[in-house]
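Asks: My structure is below; once you've seen it, I'll send some questions.
The values are calculated or read from the model by the stated rules, or taken from the named source; none is laboratory data. What you see is a predicted model; the values in this text were computed from it and never measured. All Cβ positions, glycine included, derive from the backbone under ideal geometry; neighbour counts span all protein chains shown.
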Amino acid sequence: MAEEAMNSGSDSAAVAARSHGAAGDVAVGTAVVSDDAVQNPGLPAHRKRVTDTDPKKEKRAERIVFTLFYLSIAGSLGSVLAYMFFPIETGDLMAIRLNTLFVGLGMALALLAVGIGAVHWGKALMADHESIDERHPVASDTATREASAEVFELADKESGFSRRSLVRNSLIGALVAFPLPGITLLRGLAPQDKDPVELLKHTMWDKGIRLARDPSGVPIKASDVTIGSAFHVIPENLHEAEHVLDEKAKAIVLLMRLDPADLKELPERKTWSYNGIVAYSKVCTHVGCPVALYEQRTHHLLCPCHQSQFDVSEHAKVIFGPAKRPLPQLPITVDEEGYLVAQSDFHEPVGPSFWERLK
Ligand code: FES
């Protein structure tokens, strides 16, 4: 019975194979190569472009291409000029709109023109024939290098990169000019009228300025700070600053109280703390994130950005992570009313160690 079923299975496979054109009997499970597979239709007949048959049209296409590249140059330069002639005035919304509009239009023209020019060059002027690129192992032997050089030479010949000097030079000009608007815009990141280095070197802290809670601005009394507590602190006079957020970003401080016995203070800094209360810049010395996490048991401050850790009991020295220098300490004391006040500004620049290189 079982033998019969097997024979009948073998017969049906052979029939199926024959119906597909395979010769002879075929065992079950054998792959059959059919002789009526879809034939490779090949490439359609090649149609020449107008620029291949008419030299005038070819010349015209060339003119379009280099005009587009020159337009791109004009767009890039226009963008730079727009940045200069439509400056951003603080608080003037129309000035911001005009600056954005014209700088953007210039950059859009530069990018569009160089893109369309490159596409038009490829479609209308570069060689138009189909070729087969055989696969081969990638190897940098001499024969391959020579073949590559030949390909480059052929591409150069067919694209006319060396021959069409006007197109080539205008393209190079467009590509050189294109980054200019981006570089120009970097100027907008720096303060417009003052030396940015000087601006960033000093904070609002000065002798006698009270330490206040962030964000309420309520001054802090030394008696309010219990052992183990931590306060986010701003200068009491912060609201008087012309650029409040800029000043706050530099002057922000963390205040903590430790048991004085736990503090390992350098002799020259013993007067910078008050009854175990110490104040350190909150701006991480790695890349400037706010160091906001205080672990009161270990006295460690953690920066959440890249996990730098600072030991508050030892002048906020770095004990882990990518930061390269301790958090700057703000020397503090108390005034006659018992409020915590700064003795001076920080003695070193706050923030990323980039400042170290300017010393
Ligand atoms: S900014 Fe603090 S660790 Fe990177």
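Asks: Which of the following residues is closer than 29 Å to residue 47 by Cβ, modelled with pLDDT of 90 or more and under 34 Å from the mean Cα position of the chain (by Cα): 114, 80, 103? Reasoning before the result, please.
Replies: Details: 80 fails: closer than 29 Å to residue 47 by Cβ; 103 fails: closer than 29 Å to residue 47 by Cβ.
It is 114.
Asks: Among the residues of region 290-301, which ones are free of Cβ contacts under 8 Å to residues at least 60 places away in the same chain and either within 9 Å of the ligand (Cβ to nearest atom) or surrounded by fewer than 17 Cβ atoms within 10 Å (Cβ to Cβ) (or both)?
Replies: Going residue by residue through region 290-301, those that are free of Cβ contacts under 8 Å to residues at least 60 places away in the same chain are 290-291, 293, 295, 297-301.
Correct list: 290, 291, 293, 295, 297, 298.
Asks: Let me ask something else. Hey, could you check region 268-284 for residues that are in a loop (DSSP other than H, G, I, E, B) and over 10 Å from residue 327 (Cβ atoms) and say which is farthest from the ligand (Cβ to nearest atom)?
Replies: Going residue by residue through region 268-284, those that are in a loop (DSSP other than H, G, I, E, B) are 273, 275-276, 282, 284.
If we keep only those that are over 10 Å from residue 327 (Cβ atoms) as well, we get 273, 275-276.
Values: 273: 23, 275: 29, 276: 25 Å.
Top of the filtered list is 275.
Asks: Now for a separate question. Report the residue count in region 249-260 for those that are away from the ligand (no atom under 14 Å from the Cβ) and either touching a strand residue (DSSP E or B) at 6+ places or on another chain (Cβ under 6 Å) or within 14 Å of residue 312 (Cβ to Cβ) (or both).
Replies: Number of matching residues: 8.
Asks: In addition: Scanning region 337-359 for residues that are surrounded by fewer than 15 Cβ atoms within 10 Å (Cβ to Cβ) and in a loop (DSSP other than H, G, I, E, B), which turns out modelled with the lowest pLDDT?
Replies: Here the residue is 359.
Asks: So which of 341, 287 is under 27 Å from residue 245 (Cβ atoms), of a type in the set (A, V, I, L, M) and within 16 Å of the ligand (Cβ to nearest atom)?
Replies: Numbers: 341 fails: within 16 Å of the ligand (Cβ to nearest atom).
The match here is 287.
Asks: Also, I was wondering about something else. Criterion first (part of a helix (DSSP H, G or I), at pLDDT 90 or above, under 33 Å from the mean Cα position of the chain (by Cα) and in the same structural domain as residue 289 (by TED's automatic domain parsing)) does residue 261 satisfy it? Write out each step before concluding.
Replies: Working: part of a helix (DSSP H, G or I): yes; at pLDDT 90 or above: yes; under 33 Å from the mean Cα position of the chain (by Cα): no; in the same structural domain as residue 289 (by TED's automatic domain parsing): yes.
So residue 261 does not fit the description; no.
Asks: Now a separate question. Please work out which one of (1) more than 30 Å from residue 74 (Cα to Cα); (2) part of a helix (DSSP H, G or I); (3) of a type in the set (Val, Ile, Thr) is the condition residue 227 fails and give its number.
Replies: Residue 227 satisfies every listed condition except (2).
Asks: Can you name every residue in region 213-255 that is in contact with a Gly (Cβ under 8 Å, 6 or more places away or on another chain) and either under 18 Å from residue 300 (Cα atoms) or of a type in the set (Asp, Glu) (or both)? Give the steps one after another, and end with the answer.
Replies: At the first step, the residues of region 213-255 found to be in contact with a Gly (Cβ under 8 Å, 6 or more places away or on another chain) are 221-223, 227, 234, 236, 238-239, 250.
Within region 213-255, 227, 236 qualify.
Asks: Could you list, in sequence order, all residues of region 311-336 that are assigned to a strand (DSSP E or B) and either near the ligand (Cβ under 9 Å from one of its atoms) or under 28 Å from the mean Cα position of the chain (by Cα) (or both)?
Replies: As a first pass, look at region 311-336 and keep what is assigned to a strand (DSSP E or B): 311, 317-320, 329, 332-334.
Once the filter is applied, which keeps residues that are assigned to a strand (DSSP E or B) and either near the ligand (Cβ under 9 Å from one of its atoms) or under 28 Å from the mean Cα position of the chain (by Cα) (or both), region 311-336 yields 318, 320.
Asks: List the helices (runs of 4 or more DSSP H) that sit entirely inside region 44-159 and contain at least 1 residues that are touching a residue at least 60 places away in the same chain (Cβ under 8 Å).
Replies: Values: elements: 50-53, 55-85, 93-124, 142-159.
Once the helices (runs of 4 or more DSSP H) in region 44-159 are filtered for at least 1 residues that are touching a residue at least 60 places away in the same chain (Cβ under 8 Å), what remains is 50-53, 55-85, 93-124.
Asks: For the structure I just gave you, tell me whether residue 170 is surrounded by 11 or more Cβ atoms within 10 Å (Cβ to Cβ), outside the structural domain of residue 350 (by TED's automatic domain parsing) and more than 25 Å from residue 349 (Cβ to Cβ). Break it down stepwise before answering.
Replies: Details: surrounded by 11 or more Cβ atoms within 10 Å (Cβ to Cβ): yes; outside the structural domain of residue 350 (by TED's automatic domain parsing): yes; more than 25 Å from residue 349 (Cβ to Cβ): yes.
It is true that residue 170 is surrounded by 11 or more Cβ atoms within 10 Å (Cβ to Cβ), outside the structural domain of residue 350 (by TED's automatic domain parsing) and more than 25 Å from residue 349 (Cβ to Cβ).
Asks: Mind listing just one residue for me: the one in region 191-224 that is part of a helix (DSSP H, G or I) and among the charged types (D, E, K, R) and, of those, surrounded by the fewest Cβ atoms within 10 Å (Cβ to Cβ)?
Replies: Checking each candidate, the answer is 198.
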